[in-house]
Amino acid sequence: MTASRAAETAPVRPFERPELAALDDATLRAALSKMHLIRKFEETAEASYMRGLIHGTMHLSIGQEASAVGSTLPLRRDDYILSTHRGHGHCIAKGADPARMFAEFFGKENGYCRGRGGSMHIADVEGGNLGANGIVAGGLPIAVGVGMSITMQKQDRVCMVFFGDGATNEGAFHEALNMASIWKLPIVFVCENNKYGMSMDIARAMAVPNVADRASAYAMPGVAVDGNDLAAVVAAARPAVARARSGGGPTLVECKTYRLRGHSKSDRNLYRTKEEIETWRENDAIRRLEKELLAQDRFAEAELRAIEQAAQQTIDSALAFAKASPDPEPSDLTRDVYAE
Amino acid sequence: MPNDVAAPEVGTRELSYAEAIREGLAQAMEADERVFLFGEDVGVYGGAFGVSGDLVHRFGAQRVIDTPISELGIAGAAVGAAITGMKPVLELQFSDFVTLAMEQIVNQAAKIHFMFGGKASVPMVIRLPGGSGTGAAAQHSQSLEAWFAHVPGLKVVQPSTPHDAKGLLLAAIDDPNPVLIFEHKLLYKTKGPVPAAPYRVPIGQAAVRRAGTDLTIVGSSIMALRAGAAAERLAGEGIDVEVIDLRSLRPIDFPTIAASVRKTHRLLVVYEGVKTMGIGAEISAMIAESDVFDFLDAPIARLGGADVPLPYNPVLEKAAVPQEDDIVAAARRLVREGHA
């Protein structure tokens, strides 16, 4: 939207940031709704685990909602994403049905992967989510092939690949960025820098201060943004998606964020302080956005609570759906090892 | 495209193994625009072993693509292209370099169809020049095919003739699963009859190369040829050998092996890969576990690669893998003395 059109259609809000002003009410409502859906999904998943309803482990993205929702906001339904082991948020952001996600999480036959993948491998292929990935940096080389495929089929799709800060020290990251750049592939690389690769502080693991700095080695734009600021993430993702779609090539976007929970269920937070976690909790993406929207009179408190309650209801019914779903049959164990 | 399992008609024109593969690639690319070839130096260089030859001039650099030296990256790119509608054929310059690409082949390509509950398939082909005998020493001479035959979700084939090299390639390109083709470097220049029209050699079907009554020798790739030559020499001594060319390691054609051993009552398995934990162990165990065990008149014997890295010195290099003389000697002992 151009500045002049925004002025015609929106009330004048002298203190509103341009990044936020660029998002209309319907877009913000949908984005906030998805952020709440992700938060509730993660909290409900955690509670289900605590109550022994599910086995295995999980990697929660509580605190990283703005990055998932903001990055995918400029994407179309037929665009692709590739996700990570901390991928519930990306999946919901791309438009997946939380009920089928929960069913997968519970290992049920009507989950997205018929219970064969679980939390770390949820894929919604029809919705353009080509899968979470249990291997750090596993999705990055795959994104190169998706980009090649889009180009060869002369489509105008975009592939957005998510990865954490830890992935940027894998060879796969460097091989993928290099190939995407030499072939000008329609890829947006989104690094969710949540400060830690399990326990390893990125400052101890990387010689440059920002992941985005690494883009210069591959002659592509590298943009670092406050990943807990939805509007800022959208403002960074939009030109990156547009550049990819128009044949301009890839971009590396770094969303600086924080996971408020541990790496996985075994994490005792020995590598970070309570104070640090508390500081980031005050910087919570959902709370920040809501506060700003209230201050700008974009939404009333009642409306915000209604959005949150609707998200809770969706997740409650998703959980009920998962619990009521059938388990796979052991006789089907070796089904789908090979495609026919 | 017909299946062709019979020996070519007399008078069929002859091609080298490398030419047969090139013809198969060209026919697949002509028939289906989703098929493309990529890898290190497959373009104007023509491939390290001359297999791609002039294909870049016939199909252009968009379909015969030179890649950076990034084995992990290009293996992942094959996965990404395959799950989004293309049919990539990747050449890994030496099969040894597959060690750099293990993650994408084993964790991603092999598992995506199953892990996603059958919602995506990975129709990709990887061509891998393998084997010893060229003086290329320890990092350019290995036979690693058994590693991949150990992985559910992959298919593994090993052609021994120009006819099978073309037919297995076309079958692999048609297959909706990831297929690894281990080509043998010593065979690229060998000649044999190859039908001009496209045809498939079905994956999972062994070939009985020579019928016999005293002993079954099972081998694949160059070992099937050495077994055949050994069988002709043994015939002069009154030992009648049945030779089975496996052609596929996964899936393996156990019924053909079993039927042969029921008839001959003796089994010798010959393979170039390291003997310990190799293909011979699997075939031996399959026989030992089955009712065919009761038909054996002698212990099963294995002739495999020595438990050493491939040496550079040509005498040592030859000593490290079964040669024709070794096969003759082992077969003779097995028939005459009841043990190898």
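Every number in this text was worked out from the coordinates using simple rules, so none of it is lab data. The model shown is predicted, which means the values in this text are computed figures rather than measured ones. For neighbour counting, all protein chains shown are included, and Cβ atoms are generated from backbone atoms with ideal geometry for every residue, glycine included.
For peptide A:118-129, the mean count of partner chain Cβ atoms within 10 Å of a residue's Cβ comes to 2. Think of chain A as having a plus end and a minus end, set by charges on the Cβ of Lys, Arg, Asp and Glu; of A:331, A:255, A:315, A:255 sits farthest toward the positive end of this dipole.
Once you sort the root eigenvalues of the Cα gyration tensor of the stretch A:204-303 as a ≥ b ≥ c, which label holds: rounded (a/c under 1.5), prolate (a/b larger than b/c) or oblate (the other case)? Verdict is oblate for the stretch A:204-303.
Taking one quarter of the surface of the convex hull spanned by the alpha-carbon atoms of chain A gives a direction-averaged projected area of 18.5 nm². Once the dipole of the protein assembly as shown is set up with Lys and Arg at +1 and Asp and Glu at -1 on Cβ about the Cα centre, which of A:239, B:215, B:278 lies farthest towards its positive end? Result: A:239, furthest along the dipole toward the positive end.
Counts of other chain beta carbons within 10 angstrom of each beta carbon in peptide A:182-194 average 1.
Applying the Kirkwood pairwise sum to the alpha-carbon positions of chain B produces a hydrodynamic radius of 20.2 angstrom.
Projected label points at residue B:14 and residue A:51, each 7 Å from Cα along the beta carbon direction, are separated by 7.6 nanometres. Between the stretch B:215-234 and the stretch A:129-197, the C-alpha centres lie 47 angstrom from each other. Per residue, chain B reaches -9500 deg cm²/dmol at 222 nm when only DSSP H runs of four or more residues are counted, each adding -39500 (n - 2.57).
Counting only other residues whose beta carbon sits under 13 Å from that of residue A:143, what net charge do I get with K and R as +1, D and E as -1? Intermediate values should be presented prior to the final figure.
Numbers: positive: A:157; negative: A:79, A:175.
Charge balance near residue A:143 sits at -1.
What pairs from B:155/B:191; B:166/B:191; A:94/A:154; A:195/A:274; A:34/A:274; B:87/B:155 go past 18 Å between their alpha carbons? Cα-Cα > 18 Å for B:155/B:191; A:94/A:154; A:34/A:274; rest within.
Here the Karplus curve 6.51 cos²θ - 1.76 cosθ + 1.60, taken at θ = phi - 60°, turns the phi angles of the stretch B:303-319 into couplings of 10, x, x, 5, 7, 9, x, 4, x, 6, 3, x, 5, 5, 4, 5, 5 Hz, with x standing for Gly and Pro.
Within a straight-line Cα-Cα reach of under 12 Å, residue A:265 can be paired with the following aspartates and glutamates, leaving aside sequence neighbours fewer than 8 residues apart in one chain: A:46. Separation of the stretch A:201-244 from the stretch B:294-340 is 58 Å, based on Cα centroids. With R₀ fixed at 35 Å, the C-beta to C-beta distance from residue B:54 to residue B:277 puts the FRET efficiency at about 0.25.
Each of B:256, B:296, B:316 was placed along the dipole of the stretch B:207-336 (beta-carbon charges, centred on the mean Cα), and the one lying farthest toward the positive end is B:316.
When only alpha carbons of the stretch A:14-82 are considered, Rg and Dmax amount to 15.6, 51 Å. Spin-label model, residue B:318/residue A:182: points 7 Å from Cα along the beta carbon direction are separated by 4.1 nm.
Each residue, residue B:41 and residue B:138, gets one label point 7 Å from its Cα in the Cβ direction; the gap between the two is 2.3 nm. Distance between the C-alpha centres of the stretch B:63-113 and the stretch A:63-112: 26 Å, rounded to the whole angstrom. Helical content of chain A, expressed as a calculated mean residue ellipticity at 222 nm, amounts to -13500 deg cm²/dmol (DSSP H runs of 4 or more residues, -39,500 (n - 2.57) each, divided by residue number, nearest 500).
Dipole check for the protein assembly as shown: with +1 at the C-beta of Lys and Arg, -1 at the C-beta of Asp and Glu, and the Cα centre as origin, the magnitude is about 560 Debye. Distances between every pair of Cα atoms in the stretch B:14-193, grouped in 5 Å steps from 0 to the bin holding the largest one, split as 1, 9, 19, 23, 23, 15, 7, 2, 0, 0 percent. Local charge for residue B:29 was computed over the other residues whose Cβ lies under 12 Å away, with Lys and Arg +1 and Asp and Glu -1, and equals +1. The mean count of C-beta atoms from other chains within 10 Å of the C-beta of residues in A:153-162, rounded to a whole number, is 1.
The residues A:327, A:124, B:326, when put in order of fewest to most other Cβ atoms within 10 Å, stand as A:327, B:326, A:124.
When each of the peptides B:253-261, A:220-228 is scored by the mean number of other C-beta atoms lying within 10 Å of its residues, the order from highest to lowest reads A:220-228, B:253-261. From most to least packed by mean Cβ count within 10 Å, the peptides B:271-280, A:202-211 give B:271-280, A:202-211.
A Förster radius of 51 Å combined with the Cβ-Cβ distance from residue B:31 to residue B:329 puts the calculated FRET efficiency at roughly 0.65.
For the protein assembly as shown, what is the convex hull volume of its Cα atoms per residue in Å³?
In the protein assembly as shown, the Cα convex hull volume per residue is 171 Å³.
Couplings for the stretch A:257-273, taken from phi via the Karplus curve 6.51 cos²θ - 1.76 cosθ + 1.60 with θ = phi - 60°, read 9, 7, 8, 6, 8, x, 4, 8, 5, 8, 6, 9, 6, 6, 9, 8, 9 Hz in order; Gly and Pro are left as x. Taking the convex hull of the alpha carbon positions in the stretch A:153-250 and averaging its projected area over all directions gives 6.4 nm². Kirkwood-type hydrodynamic radius, the stretch B:91-155: 12.8 Å, calculated from all non-identical alpha-carbon pairs.
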